[in-house]
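Beneath this line is the structure, given in structure tokens, with notes to follow.
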Amino acid sequence: MSDTLLWYTTRGAGAVTEILLTCVVVLGILTVLRVQGASWPAFVTTGLHRNLALMTVVFLALHIVTAVVDPFTNLGWAAAFIPFASYYRTFWLGLGVISFELVLAIVVTSLVRSWLGHRAWRAVHWLTYAAWPVGIAHGLGTGTDTWSAWMLGISAACVAAVVFAVTWRLVATSRDPLEAARLGFRAAVDRRDPR
Amino acid sequence: MERTRIEARDAALHLLNRLTLGFAAAAVAGVGVFAAISAATIPGSASAGTQASTQTSTTTGSDSSSSTDSSDSGDSGSSNSVQPSSSPVGSATSGSGMVATGASH
């Protein structure tokens with residue numbers, strides 16, 4: 001396979017990975033917000049979130065493998081798994097490795113969630129809020145196409161989508177459908193036993 | 001009532017499957033599309049080496065490694081071999097090789 005084809009594939013896969021990871025983050029937030037409708041039950045959001053997360057890992061692996069096997073770069077496999085081990089753009093590439101390993105940890109712990117327990121799973125899952133921006137920073141710092149108009153547009157759209165979703169989550173009131181019932185039950189219990 | 005709920009759930013499951021397949025197909029196509037676009041914007045061929053170097057040096061001027069690579073790529077435009085340590089990501093190669101600039105990867 002020609003060097004340039006591997007190089008182009010790395011760049012293309014990197015862009016797709018950024019978009020997919022953004023979709024995963026947004027869907028995760030929509031899951032928490034319990035966004036649903038008549039023809040879109042909550043499990044569709046959750047299921048799509050999981051499926052796209054797995055898809056992200058696949059395209060992230062494609063991005064990494066094509067970059068490492070490209071004979072032109074001489075990166076080596078150590079640079080792909082050990083943060084800041086690369087001689088080339090050490091810091092920005094290291095951020096990419098960190099983001100990759102965070103995503104891997106999040107996905108793996110989600111797959112073994114039933115054995116892990118909810119608290120441990122949730123603690124690791126919060127790392128998504130670190131994995132995404134670190135991955136974006138990696139792309140901005142070391143991407144060949146970072147300052148191309150098309151890639152700038154994609155990055156801007158991804159950042160806008162996550163910022164909007166996070167803002168929505170922060171300002172939204174509880175969407176728990178049983179919240180009113182819980183409050184009513186607690187009030188009734190308090191009335192019967194004021195202690 | 002129960003049958004309606006079952007049908008609604010089945011419909012939602014079909015929707016989930018279609019969305020997943022759609023995203024997968026779009027992602028695969030996206031790799032090809034973005035690869036083609038990136039090849040068109042920064043092809044990395046020797047003939048476009050000067051343009052890419054200029055673009056790289058102006059857009060990533062704050063990055064010392066890219067400045068170094070830009071000058072190296074210009075000097076070694078006819079070389080087929082990857083230059084060692086002085087240039088972090090090799091150098092420009094002739095023919096279909098890509099220009100080694102700091103922004104290459």
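When residues in the range A:44-55 are screened for being facing chain B (nearest Cβ under 7 Å), more than 13 Å from the chain's Cα centre (by Cα) and not aliphatic (A, V, I, L, M), 1 of them pass.
The residue list A:Leu152, A:Leu116, A:Leu127, A:Leu140 contains one member that is more than 14 Å from every other protein chain (Cβ to nearest Cβ) and either over 20 Å from A:Leu27 (Cβ atoms) or modelled with pLDDT of 95 or more (or both), which is A:Leu116.
Is it the case, given these coordinates, that A:Val69 is modelled with pLDDT under 95, of a type in the set (Val, Ile, Thr) and under 15 Å from the mean Cα position of the chain (by Cα)?
On the way: modelled with pLDDT under 95: yes; of a type in the set (Val, Ile, Thr): yes; under 15 Å from the mean Cα position of the chain (by Cα): no.
Against the criterion (modelled with pLDDT under 95, of a type in the set (Val, Ile, Thr) and under 15 Å from the mean Cα position of the chain (by Cα)), A:Val69 does not qualify.
In this structure, does A:Ile106 turn out to be under 30 Å from A:Thr10 (Cβ atoms), buried (at least 16 other Cβ atoms within 10 Å of the Cβ) and within 14 Å of chain B (Cβ to nearest Cβ)? So A:Ile106 fails the test.
A Cβ distance below 9 Å, combined with a sequence gap of six or more or placement on separate chains, defines the contacts here; from the range A:167-195, residues that are surrounded by 10 or more Cβ atoms within 10 Å (Cβ to Cβ) reach residues that are modelled with pLDDT under 70 in the pairs A:Arg182/A:Asp176.
Every condition in (1) more than 7 Å from every other protein chain (Cβ to nearest Cβ); (2) in a helix (DSSP H, G or I) is met by A:Ala85 except one, and the failing one is (2).
Restricting attention to the range A:5-43 and to residues that are surrounded by fewer than 19 Cβ atoms within 10 Å (Cβ to Cβ) and at the interface with another protein chain (Cβ under 9 Å from one of its Cβ atoms), the residue that is nearest to the chain's Cα centre (by Cα) turns out to be A:Phe43. Screening the candidates A:Phe59, A:Phe72 for the property of being assigned to a loop (DSSP other than H, G, I, E, B) and in contact (Cβ under 8 Å) with a residue 12 or more places away in the chain yields one hit, A:Phe72. Restricting attention to the range B:18-42, the residues that are in a helix (DSSP H, G or I), within 7 Å of chain A (Cβ to nearest Cβ) and not aromatic (Phe, Trp, Tyr) total 12. All of A:Ile98, A:Ile64 fail the test of being touching a residue at least 12 places away in the same chain (Cβ under 8 Å), farther than 24 Å from B:Gly32 by Cα, more than 9 Å from chain B (Cβ to nearest Cβ) and part of a helix (DSSP H, G or I), apart from A:Ile98.
The values are calculated or read from the model by the stated rules, or taken from the named source; none is laboratory data. All figures in this text were calculated on a predicted structure; none of them were measured in a lab. Counting neighbours? That spans all protein chains shown, and the Cβs are built from the backbone with ideal geometry, glycine included.
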